[in-house]
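Asks: There's a structure below that I have some questions on.
The values are calculated or read from the model by the stated rules, or taken from the named source; none is laboratory data. Note that the structure is a prediction, hence the values are computed from the model and not measured. Every residue, glycine as well, gets a Cβ built from its backbone with ideal geometry; the counts of neighbours run over all protein chains shown. Ligands, DNA and RNA are excluded from the accessible area calculation, which covers all protein heavy atoms including side chains. Shrake-Rupley method; radii C 1.70, N 1.55, O 1.52, S 1.80 Å.
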Amino acid sequence: DGFSLLLDMEYIRLVFPRLQLSGVAGATIDLGYTEHLWRDNMHLRLQHNYVATDRLLCSRDTIDWLCPHPRGFRYLMITVRNAKSDVVLKDIALRSAGYPVKHTGSFKCSDKLLTAVWEMGALTQETNMEDAYVDCVGRERGMYGRDTIIQYHVNLAAFGDHALMGRCMQLY
């Protein structure tokens, strides 16, 4: 008695999801966020120690919902159950919640794997920068002292930004 829509963001991103639907009076809408899928590539593989979901109980025919906190995920599954009429998806928007950086550093070499490691490291670092350095955007998004020092040095190599470390020092 419902349907699901699975979105693959290609890599983990930190965003505020916004969902606009009509035809949802009486429906339950679940938004599930994760980094992994089961082997069938159709179902979310939620970690036993962390489950990120939002549930919307719709009392009206239309909704325009914006998540109150950013969510970090690669896969987003939107499941609609028990709608009494056809559901119309008007819009799905993902507003970035990351720290604004400019890629100033770079690395390339003859070993394509090492070049890919650099690129993934820079992307991971960018994703883990909010109003402070965080350990992981997909879970608790905590700021840890030793991690912050390492992240600051990675940030300097990739982006050359000093302001975020200043913010972290203020928070400490």
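Listed here are the residues, each with its yes/no results for (1) open to solvent by 30 Å² or more (accessible area, probe 1.4 Å); (2) in contact with a helix residue (DSSP H, G or I) (Cβ under 7 Å, 6 or more places away or on another chain); (3) free of Cβ contacts under 8 Å to residues at least 12 places away in the same chain; (4) not β-branched (Val, Ile, Thr).
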site	(1), (2), (3), (4)
PRO17	no, no, no, yes
SER22	no, no, no, yes
GLY26	yes, no, no, yes
MET42	yes, no, no, yes
LEU46	yes, no, no, yes
SER59	yes, no, no, yes
TRP65	yes, no, no, yes
PRO68	yes, no, yes, yes
SER85	yes, no, no, yes
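Asks: Out of all the residues in segment 87-131, which are within 22 Å of MET165 (Cβ to Cβ), open to solvent by 70 Å² or more (accessible area, probe 1.4 Å) and assigned to a loop (DSSP other than H, G, I, E, B)?
Replies: If the condition is that a residue be within 22 Å of MET165 (Cβ to Cβ), open to solvent by 70 Å² or more (accessible area, probe 1.4 Å) and assigned to a loop (DSSP other than H, G, I, E, B), then PRO100, LYS102, HIS103, THR104, SER106, PHE107, ASP131 are the ones that fit.
Asks: I'm checking my understanding of the structure. Among residues of segment 49-86 that are among the charged types (D, E, K, R) and outside any strand (DSSP E or B), which one is farthest from the chain's Cα centre (by Cα)?
Replies: The selected residue is LYS84.
Asks: Given (1) modelled with pLDDT of 95 or more; (2) surrounded by 14 or more Cβ atoms within 10 Å (Cβ to Cβ); (3) more than 26 Å from ALA132 (Cα to Cα), where does ARG81 come up short, assuming only one miss?
Replies: Condition (2) is where ARG81 drops out.
Asks: Right, another one. Does segment 132-144 hold any residues that are of a type in the set (A, V, I, L, M, F, W, C), open to solvent by less than 50 Å² (accessible area, probe 1.4 Å) and touching a Leu at 6+ places or on another chain (Cβ under 8 Å), and which are they?
Replies: Within segment 132-144, ALA132, VAL137 meet the criteria.
Asks: Is it the case that some residue within segment 147-160 is modelled with pLDDT under 90, closer than 22 Å to TYR11 by Cα and among the β-branched types (Val, Ile, Thr)?
Replies: There is no residue in segment 147-160 that is modelled with pLDDT under 90, closer than 22 Å to TYR11 by Cα and among the β-branched types (Val, Ile, Thr).
Asks: Further, regarding this structure: Look at ASP161 and say whether it is farther than 25 Å from ALA52 by Cα and touching a residue at least 24 places away in the same chain (Cβ under 8 Å).
Replies: So ASP161 fits the description; yes.
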